[in-house]
1. Going by the conditions given, is E189 open to solvent by less than 10 Å² (accessible area, probe 1.4 Å) and within 14 Å of the ligand (Cβ to nearest atom)?
2. Given G135, G166, G154, which one is crowded, with 17+ Cβ neighbours inside 10 Å and either away from the ligand (no atom under 15 Å from the Cβ) or aromatic (F, W, Y) (or both)?
3. What are the residue pairs meeting all of these: first residue in segment 320-334, first residue more than 10 Å from the ligand (Cβ to nearest atom), second residue among the small types (G, A, S) and assigned to a strand (DSSP E or B), Cβ atoms under 8 Å, and 6 or more apart or on different chains?
4. Of all residues in segment 390-418, which are touching a helix residue (DSSP H, G or I) at 6+ places or on another chain (Cβ under 7 Å) and closer than 11 Å to I16 by Cα?
5. Yes or no: segment 195-204 includes at least one residue that is without any contact (Cβ under 8 Å) to a residue 24 or more places away in the chain, away from the ligand (no atom under 13 Å from the Cβ) and in a helix (DSSP H, G or I).
6. So, E397, is that one more than 22 Å from I294 (Cα to Cα) and in the same structural domain as G9 (by TED's automatic domain parsing) or not?
7. Using the structure shown, decide if M341 is buried (at least 21 other Cβ atoms within 10 Å of the Cβ) and assigned by TED's automatic domain parsing to the domain that holds V240.
Amino acid sequence: MGKFIVQGGNKLSGEISVSGAKNMATKILAVSLMSEQTMKISRVPEIEDVKRLLEILEELGVKIERVAKGEYHLVPKNIDLDKFNYDLVSQFRASILLLGPLLARFKKVKFPHPGGCIIGKRPIDLFVKGFKALGAKITEHNEYYEFDANGLIGAKIVFPQMTVTGTETLMLAAVFAKGTTTLINAAHEPEIRALADYLNCQGAKITGAGTNTVVIEGVAEISAGEVEIIPDRIETGSYVALALATKSNIKITNCHPHDILIPLELAKQMGADITIGEDYIDIKAARELKAINIKTHEYPGFATDLQAPFTVLLTQSKGQSLVHETVFEGRLFYTDFLSRMGANILMCDPQRVLITGPTQLIGKKLESPDLRAGIAMVIAGLIAKGETEIENIYQVERGYEDLMEKLKGIGADITRQD
Ligand code: EPZ
């Protein structure tokens, strides 16, 4: 496994560009299986989760051509379900998006429990409930689930709690279901709207994507066409936290500032000097930042995926901050690495920490438990005194394309050892 070596304290400045969104790219790739026509995707982030998904599709029989960096043509003819790579599927959460398209094509699919970071137990009970409502028969074995649906029937599905991939997976499954499907209390993420926009261009009939009620009129088939991945809002927000924590003048380009208005608002409450344009965020170094409270919330609230980078920022803010992680039950345990680096953090309960700052961080040997704690470690290393070593950077490179090159581009002292 590779590791990053980060020397802290460099003054950073310049421009950093945002790549295509991991949490759209990994879903739109699954959509390629919904038609036999060629699908052309641009601005694909060449990150580990995308590479794994391309491997799964290729083994299934999809012809994949990489016409340029980030540009792929997929021809999903002659799909062989016997070639489904269970091990790869169980390595990351987004693979569950394959379920709907495969079920529509093959009527019967064996599917392992999807993987995902260790931020919580990551159940799929809401997916099972949804597929049962659509008429699928589901048998649970200890290693996998068996989904059997000779054609799905549209239904009303009420999510007792919002689920991003649950909304996306059942939206995809409903495209070919007979009749109308209504998703109540659906997730609102921008990636969900982008997914629906593409599907509608190809003949699907989806209304309300990006709101809490999505209605899908089933159709017999859809075509395939071109789609560009939207900028990654979590990568964008991670660089906002990095710029503020390192007290740097950084311009974040090729992004959608309007997808992270709440985190930007909180940064301004801290005293940050931020100017936003159509596709950029300009950050001027602030002498001192004030402590604030952060409570994660489903979109458009403060994204749980930005909690770790912003928690590092709060160790450098003056005063006491409370961070309340409401979405995942295991997404604050990484903070022990910050305490080891010298941060003053009190864990009130598994989902709430109190941070008193500012404190000087000292470089340490760390290991990245998941991709967002991993980027938090990189940010901590950039502000710490001395050297920080971060092991298991596969977890970081799952979600941040060309991270080392981008950080070197703004003056960071970061190297990689394989
Ligand atoms: C998506 O995960 C993202 N991953 C996550 O990003 C993100 O943190 C999360 O949404 C919340 O925004 C992808 O899109 C690939 P959920 P997902 O279903 O869909 C519970 C990253 O860093 N739940 O919205 O798996 C669940 O346990 C990753 O890029 C059930 O109880 O998250 C959690 O507490 C990490 N039963 C809550 O809902 C279910 O059947 C929200 O989870 C499904 C979910």
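1. Values: open to solvent by less than 10 Å² (accessible area, probe 1.4 Å): no; within 14 Å of the ligand (Cβ to nearest atom): yes.
For E189, the condition - open to solvent by less than 10 Å² (accessible area, probe 1.4 Å) and within 14 Å of the ligand (Cβ to nearest atom) - is not met.
2. On the way: G135 fails: crowded, with 17+ Cβ neighbours inside 10 Å; G166 fails: either away from the ligand (no atom under 15 Å from the Cβ) or aromatic (F, W, Y) (or both).
On inspection, the qualifying residue turns out to be G154.
3. That search, which allows pairs on different chains as well, returns S321/G357.
4. Result: L403, single match.
5. If we filter segment 195-204 for residues that are without any contact (Cβ under 8 Å) to a residue 24 or more places away in the chain, which is where we start, we get 197, 200, 203.
When the remaining residues are screened for being away from the ligand (no atom under 13 Å from the Cβ), the result is 197, 200, 203.
Restricting the remaining residues to those that are in a helix (DSSP H, G or I) gives 197, 200.
Yes, some residue in segment 195-204 is without any contact (Cβ under 8 Å) to a residue 24 or more places away in the chain, away from the ligand (no atom under 13 Å from the Cβ) and in a helix (DSSP H, G or I).
6. Details: more than 22 Å from I294 (Cα to Cα): yes; in the same structural domain as G9 (by TED's automatic domain parsing): yes.
For E397, the condition - more than 22 Å from I294 (Cα to Cα) and in the same structural domain as G9 (by TED's automatic domain parsing) - is met.
7. Numbers: buried (at least 21 other Cβ atoms within 10 Å of the Cβ): yes; assigned by TED's automatic domain parsing to the domain that holds V240: yes.
The answer is yes for M341.
Residue-by-condition table, conditions (1) assigned to a loop (DSSP other than H, G, I, E, B); (2) open to solvent by less than 10 Å² (accessible area, probe 1.4 Å):
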site: Q316; (1), (2): yes, no
site: F337; (1), (2): no, yes
site: G374; (1), (2): no, yes
site: V378; (1), (2): no, yes
site: R416; (1), (2): no, no
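The values are calculated or read from the model by the stated rules, or taken from the named source; none is laboratory data. On a predicted model such as this, the values are computed, not experimentally measured, just so you know. Reconstructed Cβ throughout: ideal geometry from the backbone, glycine too, with neighbour counts over all protein chains shown. Heads up: the accessible areas ignore ligands, DNA and RNA and are worked out on the full protein's heavy atoms, side chains in. Shrake-Rupley method; radii C 1.70, N 1.55, O 1.52, S 1.80 Å.
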